[in-house]
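What follows draws every value from the coordinates through simple rules; no lab data is involved. No experiment lies behind these values; they were computed from the predicted model shown. We place every Cβ from the backbone using ideal geometry, glycine too, and count neighbours over all the protein chains shown.
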Amino acid sequence: MSPGFVEMDEFGKVRIDMENIKKKSSADNFVDFVFRKKLEDKGFRADFRHAQSPAQASRAWPYIVPFADIQREIVRSAYVLIGASICWEDAEVNGSCGIGRALRKVWSDQERDLDDPASPAVVRLRKLVASTDALGLCLQLRPLLSLIRSKGIHDLDYARLLKDILYFDRDPDAVKARWISEFYAKSSEKTEG
């Protein structure tokens, strides 16, 4: 297990190990922190789970401050969404599966052809890539992440997803193209159909 880079002392003050933080992006650091902290602290996990409700989002803000500027709404929304999703997650470490591939996995056990434009997977993908801004994207992702977890897919790359959300407003087409490519890429595991 990697050493902690954000710790709370006995007085509730946040202590940050800047050496470890400088080696990774803030998204990577945040995701690692949430995966580790959710196992150690039930109150932390509860704060993020409750923060998924917009009325209680501020419960998670103190945990986000060491990683990002929470004065920007999209930053708050993205970090709360990813933190809450991780805290609902059964996995103990970040995965390597992109959102496009995870979406395809949700319906991979069905007989219906996943390349059919009317299949539920393709419809969900189209709805996701129809987002015009990062805040709208967060609203589309919330139920989709819940669906992915409910289908037992626990290898999602949350750090990559957080980076995609934060980059979305700069170049939405690049993010959408990556997700579509992941969705339609031939996998190493054959899907029967």
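Close amide H partners of Leu156, meaning residues 5 or more places away or on another chain with modelled amide H under 5 Å apart, are Gly95, Cys97.
In sequence order, segment 158-168 has phi-based couplings of 5, 5, 4, 5, 4, 4, 4, 4, 5, 8, 3 Hz under the Karplus curve 6.51 cos²θ - 1.76 cosθ + 1.60, θ = phi - 60°, and Gly or Pro positions carry x. Would any residue of segment 82-104 have its amide N under 17 Å from a label point 7 Å out along Cα→Cβ of Ala46? List them or say none. Answer for this model: 84, 87-88. If the chain linking Ser25 and Thr132 were pulled fully straight, counting 0.36 nm for each residue of separation and taking away their Cα-Cα distance, it would gain 36.0 nm.
Close amide-amide hydrogen proximity is noted between Asp169 and Ala134, each under 5 Å apart and 5 or more residues distant or on a separate chain (H modeled in the peptide plane; Pro and chain starts excluded). Extending 7 Å from Cα along the Cβ direction at Trp61 and again at Tyr167 yields two label points whose distance is 2.9 nm.
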